[in-house]
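Okay, so here's the structure we're looking at.
The values are calculated or read from the model by the stated rules, or taken from the named source; none is laboratory data. All values reported here derive from a predicted model rather than from experimental measurement. Here the Cβ positions follow ideal geometry from the backbone for every residue, glycine too, while neighbour counts run over all protein chains shown. Side chains are part of the model used for accessible areas, which takes the heavy atoms of the whole protein and leaves out ligands, DNA and RNA. Shrake-Rupley method; radii C 1.70, N 1.55, O 1.52, S 1.80 Å.
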Amino acid sequence: MVNKLASQGRSTAYKLIGLQTLAVTLVSLIFFLTNGKMAGLSALCGGLISIFPNFVFATLAFRNAGASAAIEVLSDFFKGEALKLVLVIVLFWVVFKTLDVIYLPLFVTYALAIFLHWLSPLIFKSKKVG
């Protein structure tokens, strides 16, 4: 039962990350076609700054599940969220220090990925386990 719960949560999270990746790729392509290479790269970077930490969080947060693993689940969520926050800060810092990005495409795709994350309960209805 525990593995099934963790597996279901991880699967749903990975589906969301796949949707975010698809949306970011499409928007980055649109920025590339309309505004050039640097705008497309900036948009892609913005999306990846959101997507990669989400992937790390999902991997950590859904290692355990169930009442018998409640302490581990809570610990994994806290560790995953802390690491996610640190990764976002570090990735923004790296992008700003190493690339001459265009801010609008970068923040548009970053916000798009976050917005899709907020909409995830509407997009992916949870299934009952049992």
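Descriptive notes on the structure:
- Scanning segment 34-47 for residues that are in contact (Cβ under 8 Å) with a residue 40 or more places away in the chain and open to solvent by 90 Å² or more (accessible area, probe 1.4 Å) gives a single hit, Asn35.
- Residue within segment 79-89 that is over 14 Å from the mean Cα position of the chain (by Cα) and under 21 Å from Ser7 (Cβ atoms) present: yes
- Checking Gly80 against (1) assigned to a helix (DSSP H, G or I); (2) surrounded by fewer than 19 Cβ atoms within 10 Å (Cβ to Cβ); (3) modelled with pLDDT under 90, the condition it does not meet: (2)
- Filter pass, Phe31 being touching a Gly at 6+ places or on another chain (Cβ under 8 Å), in contact (Cβ under 8 Å) with a residue 60 or more places away in the chain, among the hydrophobic types (A, V, I, L, M, F, W, C) and in a helix (DSSP H, G or I): yes
- Flag if Leu44 is within 15 Å of Leu112 (Cα to Cα) and in a helix (DSSP H, G or I): yes
- Screening the candidates Phe55, Phe92 for the property of being open to solvent by 50 Å² or more (accessible area, probe 1.4 Å) and either modelled with pLDDT of 85 or more or of a type in the set (Ser, Thr, Tyr) (or both) yields one hit, Phe55.
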